[in-house]
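Below is one structure, written out as structure tokens, with a few remarks after it.
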Amino acid sequence: MKKIRILDLVFSALILTAGLFLTIKGFSNKGGKVIVNADGQKYEFSSKQDGSYTVEGQLGPTSFEIKNGRVHITDSPCPNKTCINQGWHTPLVCLPNNVIITIENSENKGGLDAISE
């Protein structure tokens, strides 16, 4: 049986602290703008301004809600309504109506992702 050394504890504590920091930072990062591509048109909305919005897709209007820096689709003319059941994450995709919604992080202007940050 091996003994646990002081450096083992320090190294484990550093890894745990880094993991907690990155997890908390990831959950608190809510983005800067909501980008909506709807039937060839591009729209931008602030993720900091709560509200309900509608864009025209291939089959008709798709409605979505922005709240607390997150977004979800509330109504769509597509037949199976899968896009409505996607919840509050991105990207949100409604293929039949040709609508894609993403959140772009305004702090991420250098093109870095969570790993390279």
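The values are calculated or read from the model by the stated rules, or taken from the named source; none is laboratory data. Remember, predicted model here, so these are calculated numbers, not experimental data. Only protein heavy atoms, including side chains, enter the accessible area calculation; ligands, DNA and RNA are left aside. Shrake-Rupley method; radii C 1.70, N 1.55, O 1.52, S 1.80 Å.
Assigned to a strand (DSSP E or B) and closer than 12 Å to Val93 by Cα: is that true of Phe64 in this structure? Taking the combined requirement at face value, the residue satisfies it.
Taking the range 91-103 as the range and being open to solvent by 50 Å² or more (accessible area, probe 1.4 Å) and not in a strand (DSSP E or B) as the test, the residues that pass are Pro91, Leu95, Pro96, Asn98.
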